[in-house]
Amino acid sequence: MFKFKKSDSSAPKMKNTVALKRGVYAIILSVIFIVGVVLLTVLATALAHNFPLELDLTTGKSHSISGTNVEYIKGLDKEVNIYVLLTEDQYLCETNSSYNMCYYGATMYFVEYNIDSSNYYKQTVELLKKYARYNDNIKVEFLDITQPSATEITQNYSGFNWKTGDILVESKFEVDGEDVVRRTHIPYTDVYSIKAGNEYTSQFHQYYVSGMYDCYALYGVGAGYVITENNIEHAVSSAIYKVTSKNTPILLIPSSYCDAAVLDDGLYETLAINNYSLVKKEGVLASLLAADEAKDYAGILLPGATADISAADRDALEKFLDNGGKKSKSLIFFAGTSTYKLTNLCGFLGDWGIGIEKGILYETNSSYAAPNDPTSTTLISMETDFTEKADAINGSYYVAGDLIPMRQIYQNSNTATYSRTTHALMRTASSGTVTIMPVTEDATKWTPASDAALDAFPTAILSEDAVSIDGEYITSNVVVYSGTNFISKEWVDYSYVSNLNIVLDTVNHCSGAIDNPFNFVAKTIVNDNYRALVTKTNATVIKIIFMAAFPVILVVTGLAVWIRRKRT
């Protein structure tokens, strides 16, 4: 007789319950994971919108503010308002309104609107927003200039001749118990470097000016100017410094003694946007320095002396620099190939430990000279405290031609009336490769003798005259650069040549503006700049993939695994 064992129906039920629980747990974990991913994405988006957290992998960090500038922005303790005279959509040309950057660039400066200019506009908007993110004292506002609220702001800038698309900067603070309001204006050409697109540009521009055609560049007909660089970081930070600085140093340019036009190639503008006031005056130097306003001059700027100073001028110059024993004055001089003939001026410089000699520096090593021009040579900074900001610029160098030989007559000299120290700021690029060519020779034909003396020559020398007042170390300074070519358009137009930067450093030191942080290189859009090429469509696709498609795929995959496990 067979006996049948009673089946235990609880075993499969328990097995199914365990499987069900595992499946539920798996789904719950999947849901938690998906929710976490979504929340993390939303949080990251919110943080990226409010703080500069992005990693900039573009060449030249074209979407990043330079480190020195970030430090300056974070340390700013005064409120600054930055007004862009377009809405954000208008600046990005994402609206059909006639008030947009596309229309403005085309009509005001005849700039061709293309993908490159569009990317530059995006870069500007992005970098402007970062100023506000780094410091709560800075407010960036894009204005609708058709609205009364914008008019209330722009009416304060009536003297600046602003135009649609320009940028206005304002700061209000207190000086010696009195309220001070400082304002300045950043035009389009200070933000962007532009150049002619092709040979038809002038023709089309002439047609536009005459009223024959409207906005050729806007509608893509023919040609126009094109944007080559973005100077927004330099322009805005310089403007901020200008409106927040308590003092504006005044530099006298005695035009009767020098070639003031040399400054027009770039140094004049560089000093002006960095809060310097440059005053050109004709007349006898002794008389200029005896005038009442002379006490307000921080220094004298003498580019390429064309006339010698008199004995009376020399005495007046010494008295000016001594400043009644209080020092704090300066002379910045750019020598020329005929400076050695100016005996009184050379004698004055000799008293300050700076010797001027006859001739032109000739580089015998072609690795340190411009092609086919041995008198145009690269230079190296001696990396002193006076040039540290310029020296910190990566990928830049110094170069100039027609430099004269100089020497340090002494390093230290102490008398009953002064205590002077000289510092070589810069010299020729390599020790023992430079000789002196006579001024009358042609550099393309002249060859130095085989036994010619070779040396390393200083090409910028600073001499300090120090005094201690109430425990504070105060100096008057004389700085000599060995050629006006150092600040000529021939070199300063190159973004990787930092001649103006190192001059600005020394002028800042001499005038006491040591808090001026500006030594920035213009930012250029390059081909590997992926971010600038991301359109709204691209962004939407990316969002769909990571915030919708990816989570759905996770859910489906999780369910498939759970069903498969359940069946097995």
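Which pairs break 25 Å Cα to Cα here: Lys246/Lys389; Lys129/Lys242; Lys242/Lys319? Don't skip to the answer; put the middle values down first.
Numbers: Lys246/Lys389 21 Å; Lys129/Lys242 20 Å; Lys242/Lys319 30 Å.
Violating the 25 Å limit, Cα to Cα: Lys242/Lys319.
At 0.36 nm per residue, and after removing the present C-alpha to C-alpha distance, how many nm does the segment from Asn137 to Thr421 gain when stretched out fully?
Details: separation 284, 0.36 × 284 = 102.24 nm, distance 4.13 nm.
Net length gain for the segment: 98.1 nm.
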Which residues in the stretch 164-184 have a backbone N closer than 19 Å to a point placed 7 Å from the Cα of Lys246 along the Cα-to-Cβ line? 171-183
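If packing is taken as the average count of other Cβ atoms within 10 Å, what order do 173-181, 420-428, 152-160, 500-508 fall into, highest mean first? Could the numbers behind the result be given before it?
On the way: 173-181: 9.2, 420-428: 21.2, 152-160: 12.3, 500-508: 23.6.
Descending mean neighbour count gives 500-508, 420-428, 152-160, 173-181.
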Would you list the P(r) distribution for the stretch 291-352, with all Cα-Cα distances sorted into 10 Å bins from 0 and each bin expressed as a whole %? 20, 55, 23, 2
Would you kindly work out the equivalent ellipsoid of the stretch 409-482 from its C-alpha gyration tensor and give its semi-axes, the square roots of five times the eigenvalues, largest first in whole Å? 37, 11, 11
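Where a number appears in this text, it was derived from the coordinates with a stated rule and is not lab data. Given the structure is predicted, the values throughout are model-derived calculations rather than measurements. Glycine also receives a Cβ, built like all others from the backbone with ideal geometry; neighbour counts cover every protein chain displayed.
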